[in-house]
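Notes follow the structure.
Readers should treat all values here as calculations from the given coordinates under stated rules, not as data from a laboratory. Computed from a prediction, not measured in an experiment: that's the story for all the values here. Quick reminder, even Gly has a Cβ in these numbers, built from the backbone with ideal geometry, and neighbours come from all protein chains shown.
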Amino acid sequence: MQKFSKKVSMTVVKRLPKYYQYLSDLQDKNIEKISSKELADMMGLTASQIRQDLNSFGAYGQQGYGYKVQELREAIKNILGLNNTYNCIIIGSGNLGRAISNYERFKREGIHIKAMFDADKGKVGSLVGDLAIHDMDDLEDFVRDHDINICILSVPREVGQPTADRVCQLGIKAILNFVPLDLTVPEDVVVENVNITDSLFTLTYLLSE
């Protein structure tokens with residue numbers, strides 16, 4: 001299975017973590033093989049869609065056998081870049097930032113949260129689990145010394161863009177954005193937006209139909 005090219009749609013790419021999660025669950029249950037139909041039923045997709053998605057990366061399975069769970073999981077893990085390690089910081093030590101910092105699976109998948117940062121001087125020096133909260137004044141030195149790849153942004157909306165600007169200037173190329181704001185970033189920086197409010201509003205719409 002090969003790394004995806006730019007020709008693979010982001011719709012397919014965004015389904016890869018879901019494939020990885022389901023295959024991990026199957027492996028935990030010692031299930032060795034699965035057909036495209038069985039996987040489709042689990043994921044709420046069609047068998048044809050499963051095959052098309054995986055064929056985008058060169059995974060064809062075996063006709064009459066299906067997919068080997070462990071092999072397919074490892075292939076998708078590699079495509080997702082999870083065979084590498086990533087150093088991450090969280091900017092914003094409010095309730096959301098603290099909750100994210102306590103998510104144990106990150107480390108298992110090679111994503112290491114190195115520190116939290118906050119502009120509130122009263123929080124600086126305190127611990128969230130085993131993570132120290134650092135002063136934003138120390139951001140540049142810390143990023144340089146720890147080879148940070150990813151920033152998780154969880155700050156008030158009014159400081160979201162200037163904080164993102166600062167992060168980009170430090171050479172960080174990936175931002176997981178929890179700020180309810182569409183960030184403007186350089187072309188070589190990738191942003192994944194997680195807008196909890198938008199998701200809740202979608203639910204309220206569906207409930208009101």
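Test of understanding: ordering Arg98, Arg157 by Cβ neighbours within 10 Å, fewest first, what list do you get? Show your work: numbers first, answer last.
Details: Arg98 17, Arg157 9.
Fewest-to-most Cβ neighbours within 10 Å comes out as Arg157, Arg98.
Looking at the range 16-112, which chymotrypsin sites (Phe, Trp or Tyr not before Pro) are DSSP coil and have at most 16 other C-beta atoms within 10 Å of their C-beta? Please report the intermediate quantities before stating the final value.
Values: sites: Tyr19, Tyr20, Tyr22, Phe57, Tyr60, Tyr65, Tyr67, Tyr86, Tyr103, Phe106; in loops: Phe57, Tyr60, Tyr65, Tyr103.
The qualifying sites are Tyr60, Tyr65, Tyr103.
Just how large is the dipole of the chain about the Cα centre, in debye to the nearest 20, putting +1 at every Lys and Arg Cβ and -1 at every Asp and Glu Cβ?
Here the size comes out at about 880 debye.
Around Ile111, which amide H atoms from residues at least 5 apart in sequence, or from another chain, sit under 5 Å from its own amide H, with H modelled in the peptide plane?
Amide H neighbours of Ile111, under 5 Å, 5+ apart: Tyr86.
What do you get for Rg/Rh of the chain when both radii come from the Cα atoms and Rh is the Kirkwood radius?
Using Cα coordinates only, the ratio equals 1.02.
Let me make sure I get this right: for the range 86-197, a, b and c are the square roots of the gyration tensor eigenvalues over alpha carbons, sorted descending. Under 1.5 in a/c it's rounded, otherwise prolate if a/b > b/c, else oblate. Which is it?
Because its axes are fairly even, with a/c under 1.5, the range 86-197 counts as rounded.
Between 0 and 90 degrees, rounded to the nearest ten: what's the tilt of helix 69-79 against the longest Cα principal axis of the chain?
40 degrees
Could you tell me the ratio Rg/Rh of the range 10-80? Both radii from Cα atoms, Rh via Kirkwood.
So for the range 10-80, dividing Rg by the Kirkwood Rh gives 0.91.
What share of the DSSP beta bridges in the chain is antiparallel, in percent to the nearest 5?
Here the antiparallel bridges make up roughly 20 percent for the chain.
For the chain, modelled as a GNM with alpha-carbon contacts under 10 angstrom, which of Asp147, Asp165, Asp28 fluctuates the most?
Asp28
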